[in-house]
Amino acid sequence: MNVHRLTGAASAVALTVLIALTGTGAAHSAPRPAAGPAYVALGDSYSSGVGAGSYQDDACKRSAKAYPALWAAAHGPASFAFTACSGARTGDVLGKQLAPLTASTGLVSLSVGGNDAGFSDTMTACVLDDDQACLDKIDTASAFVRTQLPARLDAVYDAVRSRAPRARVVVLGYPRFYRPAADDCVGLSETKRTAINEAADLLDSVIAGRAAAHGFSYGDVNTTFKGHELCSGSAWLHSVTFPVDESYHPTAGGQSGGYLPVFTSAATR
């Protein structure tokens, strides 16, 4: 037999044994998929995860069950900066949350505007006072949303785009709180519940409009929260709770079932 053929055969056998022993080969040596984009999560309590539990800090109540943390755990971004904070207004996002944004940031999520419009004071009035006091508070908040909030949102969106020029930016809205025409709903009157839902729709429409004007994606969470509002029998929102700051915020189910799918879909469009 030809010596060169013997040598080649021996080499082939040796290579086969080596592959068997070490587990190496083409299937194993293929490069790993690249990590997902560098991700920064900005915003208020609906993004930090107030109401979901498993808080990682006391001040901002960032939750391991909030949609940004859930998305990061599932998708393995190149980096993850979670600066969303309970109680944040547009000015807080501008002044305290934007530092992680850079030219290499690939994905940004954001919810903000509700606190600027006086969300907490409005809900307090609607829970504790009569129908007219609730409606008056909602009227004041709605006037702010129409006339002053757009410029505040523009300032935030401009700053995000300036700092992260190539990022996909997903702006999340707020869910309606109550199932419409829930006759068996205990607590707030139908008048109050209807007005609160209408105010939430107005807030969402303004946020969606300003997001679109900046070329950002908008995530409408009413698509997933439908059937899971308060008085639905399967609520993904807290009613009045103790501690009170979790009132009218998504539960862990609201984050995973309401916010996460909407964000995931918008992040990949």
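A few comments on the model shown:
- Cα-based radius of gyration of region 133-266 once divided by 2.2 N^0.38 Å, which approximates compact folds: 1.13
- With both labels modelled 7 Å from their Cα along Cα-to-Cβ, the D184 to D136 distance reads 3.6 nm.
- Links that overshoot a 29 Å alpha carbon limit, given the list K96/K226; K192/K226; K65/K137: K96/K226; K65/K137
- DSSP beta bridges fully contained in the chain are about 10 percent antiparallel.
- The chain - charge dipole about Cα centre, Lys and Arg +1 at Cβ, Asp and Glu -1, debye rounded to 20: 1680 debye
- The trypsin sites (Lys or Arg not before Pro) of region 149-202 that DSSP puts in a loop, and whose beta carbon has at most 16 other beta carbons within 10 Å, are R166.
- Along each principal axis, Cα extent of the chain, largest first, Å: 103, 42, 32
- Equivalent ellipsoid of region 111-206: semi-axes from √(5λ) of the C-alpha gyration tensor, largest first, are 30, 15, 9 Å.
- Full extension of the chain segment joining R269 with K226 gains 13.3 nm, where the gain is 0.36 nm per residue of separation less the Cα-Cα distance.
- Length available on full extension from D129 to S205: 0.36 nm per residue minus the Cα-Cα distance, which gives 24.6 nm.
- In sequence order, region 124-135 has phi-based couplings of 4, 5, 6, 7, 9, 10, 7, 4, 5, 5, 5, 4 Hz under the Karplus curve 6.51 cos²θ - 1.76 cosθ + 1.60, θ = phi - 60°, and Gly or Pro positions carry x.
- Summary of the geometry: region 85-118 and region 163-241, compared by the centres of their Cα atoms, lie 19 Å apart.
- Within region 234-269: backbone nitrogen closer than 12 Å to the S120 label point (7 Å, Cα to C-beta): 244-247
- Rounded to the nearest 500, the helix-only mean residue ellipticity at 222 nm of the chain stands at -13500 deg cm²/dmol, with each DSSP H run of n ≥ 4 adding -39,500 (n - 2.57).
- As a ratio to 2.2 N^0.38 Å, the alpha-carbon radius of gyration computed for region 188-269 takes the value 1.20.
- Label-point separation, A159 to A74 (7 Å along Cα→Cβ), nm: 3.0 nm
- Options A78, A200, C134, ranked by Cα towards positive dipole end of the chain, top entry (Cβ charges): A78
No value in this document is a laboratory result; all are computed from the given coordinates. Keep in mind the model is a prediction, meaning the values are calculated, not measured. Because the Cβ atoms are built from the backbone with ideal geometry, glycine has one as well, and the counts that use them run over all protein chains shown.
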